[in-house]
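Structure, as structure tokens:
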Amino acid sequence: MNVYLLLLALIIYAVAYFTGVRRTPWLLAAFAPGRIRDRDKLYRTIAMYNLIASVVVFFVGVINLPEMSYLLVCIGAGYVVLLLYCNRKM
């Protein structure tokens, strides 16, 4: 059990909660919420991705297999793809 990954999962889950439920725009500064036409779609998309990422990081932290660390790289790449998608298409 990796405590640091569990703490990271908790932080990502908190960001998912604050963006999905509380709709706090200051957490999405990189996504330029002022330029986005459909803010509700932005909040739902980011919150759902963060929720899925927090669950994956939690299970990687609990299982603690070195072979599963590539999932963390995939999550980071997913954030970059999501950032590009939100800034180009929304």
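FYI, it's all coordinate maths here, none of it is from the lab. Keep in mind that what you see is a predicted model, and the values were worked out from it rather than measured. Note: ideal-geometry Cβ built from the backbone for every residue, glycine included; neighbour counts use all protein chains shown.
Residue count for segment 34-90, restricted to those that are within 15 Å of Leu5 (Cβ to Cβ) and hydrophobic (A, V, I, L, M, F, W, C): 16.
Reported count of residues in segment 55-73, each being loosely packed, with under 11 Cβ neighbours inside 10 Å and assigned to a helix (DSSP H, G or I), is 4. In a residue-by-residue description of segment 18-29, the property of being of a type in the set (Ser, Thr, Tyr), surrounded by fewer than 17 Cβ atoms within 10 Å (Cβ to Cβ), free of Cβ contacts under 8 Å to residues at least 60 places away in the same chain and over 30 Å from Met68 (Cα atoms) applies to at least one position. Is it fair to say Leu84 is among the hydrophobic types (A, V, I, L, M, F, W, C) and surrounded by fewer than 12 Cβ atoms within 10 Å (Cβ to Cβ)? Yes, satisfied. Listed conditions (1) in a helix (DSSP H, G or I); (2) loosely packed, with under 13 Cβ neighbours inside 10 Å; (3) in contact with a helix residue (DSSP H, G or I) (Cβ under 8 Å, 6 or more places away or on another chain) are all met by Arg35, apart from (1). Remark: pairs (first residue in segment 54-71, farther than 22 Å from Val15 by Cα; second residue part of a helix (DSSP H, G or I); Cβ separation under 7 Å; 6+ apart in sequence or on different chains) = Met68/Val60.
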